[in-house]
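The values are calculated or read from the model by the stated rules, or taken from the named source; none is laboratory data. None of the values given here were measured: they were computed from a predicted structure. Glycine also receives a Cβ, built like all others from the backbone with ideal geometry; neighbour counts cover every protein chain displayed.
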Amino acid sequence: MSNYIKKIGIKSKIAFQKSLNTNFNKKNLVLENFNSLIRKEKNLILKKNNEDLILAKKNRLKENFVDRLFLDAKRIENIRHSINEIIKLKDPIGKIVSSWKRPNGMLIQKVSIPIGVIGIIFESRPNVVCDVSSLCFKSGNAAILRGGSESINSNKILADLFQDSLVKKGYDKNCIQLIENQNKKLVNFLLKNMTNYIDLIIPRGGKKLVKKVQSYSKVPILGHLEGICHIYIHEDADLKKSINVVLNSKLRRTTNCGALETLLINEKILKKFCEPILNSLINKNCKIIGDDKIIKNFSGKIKLAKEKDWKTEYLAPIISIKAVKNLEEAISHINKFGTMHTDSIITKNIKVAKKFLNGVNSAIAMHNVSTQFADGGEFGFGAEVGISTSKLHARGPVGLNQLTTYKYFIKGNGQIRD
């Protein structure tokens, strides 16, 4: 088992070194070929995905897992669109981030470089193979992918197609590798014993997976644990806009990590806002859990919230709703119960919005916008390898430019230090 993983690590290191000085346009040719192969082999991809879906239903996997696993013609076109968007992006490597000259004539340049070998551990979503492979390769990194057993057939066909594209354009196919062995002990070994081969681990999946990665990994980690996202409706909010943004944030896709989980409403507008907002959610078959003030201001029957509800990422058509006295209480609640992922305010008051944006600890802070926009594609990144809530290195969607680090180039003419 250890030899199997180490061989993958060695191959990744070699492939990374080979591709370091690659021509930018040549890298795009690989992505263009990969995109064409996805279109050409669409029926085979759907066939393999269906094999995964049959097993998932047989094993009674949760509905949100099955939704993330599912591919159809539309989702495949979305994958191809993301790859096209990545192709359009400028090369993130070799950019002079900043440059300055010292009094002694030395020129110092801060220059972007790849991170190295990136390990991605993920669940369910086959599109991760395409997004990660495209982003890592274009940013000059090698990638080792370890998907869940529930999506092995989908992952394998997509990884094979990417490797075919690499070989066709003269690259080492090991720039992208999929760990096909599904022995769970391999993940532990990967996290604990691969520091000589892997430079960064990015987990994409549920709380259980991310916690395990955080507990075991000796390799640096980039990612987020949960997406407990909030919207605060301020007293100066527009009702129609509030309803539209809340419905989209909660129900567009409930399994997204950017889906709304807790709604905060200023108590001054409960009489006007509570009834229409809650009814609009209930009419869309969303279950509501509210505090005592919300219950008093709503004619229907809803469940009374407990403290654990403010800490829950439902990933389902369920929402917890709380009344708050003011902006300060809203910010305090978000910073206490949130996960530094994505939080939004709805208000016409620009000063209040600015205080909110500066006050919440979120990686993504929004004003009058659906939390579902917490996505690399929507940021113009083409795609993402995940969302980071870390305060070090990258925050928010991790796209092409976030998969780089930097080094300093110092150029002189024989200067020596006194």
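Is there a residue in the stretch 98-120 that is closer than 21 Å to LEU222 by Cα, of a type in the set (A, V, I, L, M, F, W, C) and under 16 Å from the mean Cα position of the chain (by Cα)?
There is at least one residue in the stretch 98-120 that is closer than 21 Å to LEU222 by Cα, of a type in the set (A, V, I, L, M, F, W, C) and under 16 Å from the mean Cα position of the chain (by Cα).
Would you pick out the residues in the stretch 315-328 that are among the charged types (D, E, K, R) and in contact (Cβ under 8 Å) with a residue 40 or more places away in the chain?
Residues satisfying the conditions are LYS322, LYS325.
This table checks each residue for (1) assigned by TED's automatic domain parsing to the domain that holds ASN49; (2) in a strand (DSSP E or B); (3) surrounded by 21 or more Cβ atoms within 10 Å (Cβ to Cβ).
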{"residue": "LEU145", "(1), (2), (3)": "yes, yes, yes"}
{"residue": "PHE162", "(1), (2), (3)": "yes, no, yes"}
{"residue": "GLN182", "(1), (2), (3)": "yes, no, no"}
{"residue": "LEU190", "(1), (2), (3)": "yes, no, yes"}
{"residue": "PRO203", "(1), (2), (3)": "yes, yes, yes"}
{"residue": "VAL210", "(1), (2), (3)": "yes, no, no"}
{"residue": "GLN214", "(1), (2), (3)": "yes, no, no"}
{"residue": "LYS218", "(1), (2), (3)": "yes, no, no"}
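Checking the conditions here, which among ASN279, ASN256 is over 16 Å from SER320 (Cβ atoms) and either in contact with an Asp or Glu (Cβ under 9 Å, 6 or more places away or on another chain) or in a loop (DSSP other than H, G, I, E, B) (or both)?
ASN256
Yes/no matrix, rows are residues, columns are (1) in a helix (DSSP H, G or I); (2) at positive phi; (3) modelled with pLDDT of 95 or more:
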site	(1), (2), (3)
ILE334	yes, no, yes
PHE356	yes, no, yes
VAL369	no, no, yes
GLN372	yes, no, yes
PHE381	no, no, no
SER390	no, no, no
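I want to confirm something. Restricting to the stretch 299-324 and keeping residues that are aliphatic (A, V, I, L, M) and in a loop (DSSP other than H, G, I, E, B), which single residue is surrounded by the most Cβ atoms within 10 Å (Cβ to Cβ)?
The selected residue is LEU315.
Name the single residue that is farthest from the chain's Cα centre (by Cα) among those in the stretch 336-354 being loosely packed, with under 15 Cβ neighbours inside 10 Å and more than 20 Å from LYS240 (Cβ to Cβ).
Filtering the stretch 336-354 for residues that are loosely packed, with under 15 Cβ neighbours inside 10 Å and more than 20 Å from LYS240 (Cβ to Cβ), the one farthest from the chain's Cα centre (by Cα) comes out as LYS351.
Out of (1) under 18 Å from GLN402 (Cα atoms); (2) touching a helix residue (DSSP H, G or I) at 6+ places or on another chain (Cβ under 8 Å), the odd one out for LEU200 is which?
Answer for LEU200: the failing condition is (2).
Quick test for you: out of LEU145, LEU178, LEU135, pick the one residue that is under 16 Å from the mean Cα position of the chain (by Cα) and under 21 Å from GLY206 (Cβ atoms).
LEU145
Is there any pair linking a residue in the stretch 180-195 that is hydroxyl-bearing (Ser, Thr, Tyr) to one that is in a loop (DSSP other than H, G, I, E, B), with Cβ under 7 Å and at least six apart or on different chains, and which?
THR195/LYS218; THR195/VAL219
Step by step: first the residues of the stretch 10-60, then only those that are under 25 Å from GLY119 (Cα atoms), in a helix (DSSP H, G or I) and hydroxyl-bearing (Ser, Thr, Tyr), then the one that is modelled with the lowest pLDDT. Which residue is that?
SER19
Are there any pairs, at least 6 apart or on different chains, whose C-beta atoms fall under 6 Å, with the first in the stretch 253-274 and within 14 Å of LYS296 (Cα to Cα) and the second outside any strand (DSSP E or B) and among the small types (Gly, Ala, Ser), and if so, which?
Correct list of pairs: empty, since none qualify.
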